[in-house]
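Quick notes on the structure that follows.
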């Protein structure tokens, strides 16, 4: 699992590729914590290249969402692949983590 981030005009984009599982989940939490600590609390996690997510990955996303909101921001997801979408729907987390088509649209109406 690879993670990277890029600062945009009004948000930070965290890119994820591979499998978001129990091995990768702590890395995602750590990266998002660093981004939030750096003063960027509006975050889009781009899942375009994430082919698999398990409950650990979902837990990491929820933890990251909580961290962003506690810092006065928000966390949104984009580019959700079919398997990841299925996990979100089965757990009803798609209601909490709304998926956007692209990172650019995630905060466009705010």
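The values are calculated or read from the model by the stated rules, or taken from the named source; none is laboratory data. Just so it is clear, the model here is predicted, and its values are computed rather than measured. In this analysis, Cβ positions are derived from the backbone assuming ideal geometry, glycine residues included, and neighbour counts consider all displayed protein chains.
Here are some notes:
- Considering the stretch 59-102, and only residues there that are within 18 Å of residue 49 (Cα to Cα), touching a helix residue (DSSP H, G or I) at 6+ places or on another chain (Cβ under 8 Å) and in a loop (DSSP other than H, G, I, E, B), the residue that is modelled with the lowest pLDDT turns out to be 97.
- The residues of the stretch 19-30 that are touching a strand residue (DSSP E or B) at 6+ places or on another chain (Cβ under 8 Å) and either at pLDDT below 95 or crowded, with 20+ Cβ neighbours inside 10 Å (or both), listed by number, are 20, 24, 28.
- Within the stretch 6-15, being surrounded by 13 or more Cβ atoms within 10 Å (Cβ to Cβ) and either more than 21 Å from residue 101 (Cβ to Cβ) or at pLDDT 95 or above (or both) holds for 11, 12, 13, 14, 15.
- Residue 28 touching a residue at least 24 places away in the same chain (Cβ under 8 Å) and closer than 21 Å to residue 110 by Cα: no
- Residue among 105, 36, 44 that alone is in contact (Cβ under 8 Å) with a residue 60 or more places away in the chain, under 16 Å from residue 14 (Cα atoms) and not in a loop (DSSP other than H, G, I, E, B): 44
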